[in-house]
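Okay, so here's the structure we're looking at.
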Amino acid sequence: MLYNNFTEKLIDLQGVEVKNIETTDTSINIFLILKRKKHKCISCGCETDTVHDYRTQSVKDIPAFGKNVNIILRKRRYRCPTCGKRFAENNSFLPKYHRMTNRLSAFVIDLLRSERSFTSVAKVVDLSVTTVTRIFDIVSHPELKLPQVLAIDEFKGNTDNEKYQCILTDPVNKKVLDILPERYNHYLTSYFRKLPAKERQGVHFFVSDMWKIYADTASVWFKNATQIVDKYHWIRQAIWAFENVRKQEQKKFSKSHRRYFKNSRKLLIKRFDHLSDEQKQQVNVMLYTSPTLSRAHWYKEKFLQILDCTNREDAKQMMNDWILSASNCGIPQFEKCSATMQRWYTGILNSFMVPYTNGFTEGCNNKIKVLKRNAYGYRNFKRFRSRILHMFSHQNAI
């Protein structure tokens, strides 16, 4: 009896008697029976402990000790002496018509919070992929509630014949709010139109990259919100401009010089003030070989100095000076960059007012890419969306 009590505690099932345990190289079979007790008839409500018959059922449980676990359950059917109704005994760990325990289903759902594929989870719990998918499909998610700070971005999902899907996040509370099947104006319009106007009016800041449709969406559906262009996206415009100049200029050099410039691109991109004395000397030698590259480097450095501003007014003054200077610099790449800064002028300056960025959203996109790669892609957008929301649901519960 003492042995049975410890075994029952180990398997963590209430109201059972363990009759035997058999082990093989790959599995553990636990033979058990529920403790006999009175049951109420499901038809007339009278109490009975009269057993009609027994039958044995094999039930899958959570793997343990590196082996698959099967519960061999000897089930009773009771008979009501009053009305003659026959019914199965109550079972707290095995739902009706199921062949796996409640905790195995919960275990599968918990494993799917990671970037694992359905196939890898199925191998861990010794179930078919279809069964794992069917378990997951019962997962539901709460309705969307818009936060005060709303961030939007796209990622390459390649689902339902759409190359890009769209993600909505709360960057302050680190929550993924929803996944949309596409990023185009007609869908965003129909999606946000369905949301209550009171919720949309409660959004104070709208963070996005430099995709015009996002800005148009914010202007129409979030009129009370301040539009913010993510810093990473507008800063890299100047970096791209400088890189294009470097690539253009290094084509004029010999093969060895081209290779040297290519391998030293990180030194050229990095802010000059952050370089060591030796690195500064290397950069000066490279800039000396090309006057155009030297001028482009100067404009890049002046642009990055804007990041040192701590308020909107100082940033506005420095941005105005840079745009005016770059627009007539004679370097096509930076002239184009200055025109881009002019188009997104307000959103860029607003990014100096608050600390909100799309950093959290970009991190979510990286995790989504891992999920997609592990699964070799998703065809069903509904299930893809559910996987993503479930993967970040532990953050939403905090």
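Per-structure values
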| item | result |
| --- | --- |
| Residue tally, condition surrounded by fewer than 14 Cβ atoms within 10 Å (Cβ to Cβ) and within 35 Å of the chain's Cα centre (by Cα), over the stretch 282-311 | 5 |
| Check on residue 397, open to solvent by 70 Å² or more (accessible area, probe 1.4 Å) and at pLDDT below 95 | yes |
| Members of the stretch 373-392 that are of a type outside the set (S, T, N, Q), in a helix (DSSP H, G or I) and out of contact with any strand residue (DSSP E or B) (no Cβ under 7 Å at 6 or more places or on another chain) | 373, 382, 383, 387, 390, 391 |
| Boolean, residue 122 is without any contact (Cβ under 8 Å) to a residue 12 or more places away in the chain and surrounded by 13 or more Cβ atoms within 10 Å (Cβ to Cβ) | yes |
| Verdict on residue 339 being open to solvent by 40 Å² or more (accessible area, probe 1.4 Å), free of Cβ contacts under 8 Å to residues at least 40 places away in the same chain and part of a helix (DSSP H, G or I) | yes |
| Qualifying positions in the stretch 19-41 - more than 22 Å from residue 125 (Cβ to Cβ), touching a Phe, Trp or Tyr at 6+ places or on another chain (Cβ under 8 Å) and surrounded by 12 or more Cβ atoms within 10 Å (Cβ to Cβ) | 19, 39, 41 |
| Hits in the stretch 143-157 (condition: in contact with a Phe, Trp or Tyr (Cβ under 8 Å, 6 or more places away or on another chain) and part of a strand (DSSP E or B)) | 149, 150, 151, 152, 154, 155, 156, 157 |
| Residues of the stretch 155-206 satisfying the condition of being open to solvent by less than 30 Å² (accessible area, probe 1.4 Å), among the aliphatic types (A, V, I, L, M), farther than 13 Å from residue 385 by Cα and under 21 Å from the mean Cα position of the chain (by Cα) | 188 |
| Candidates 50, 56, 133 - the one that is of a type in the set (S, T, N, Q) and over 21 Å from residue 37 (Cα atoms) | 133 |
| Filter result for the condition that a residue is assigned to a helix (DSSP H, G or I), in contact with a Lys or Arg (Cβ under 9 Å, 6 or more places away or on another chain) and not small (Gly, Ala, Ser), over 303, 334 | 334 |
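The values are calculated or read from the model by the stated rules, or taken from the named source; none is laboratory data. A quick note: this is a predicted structure, and the numbers were derived from the prediction, not measured. Virtual Cβ from ideal backbone geometry, glycine too; neighbours counted across all protein chains shown. Accessible surface areas use protein heavy atoms only, side chains included; no ligands, DNA or RNA. Shrake-Rupley method; radii C 1.70, N 1.55, O 1.52, S 1.80 Å.
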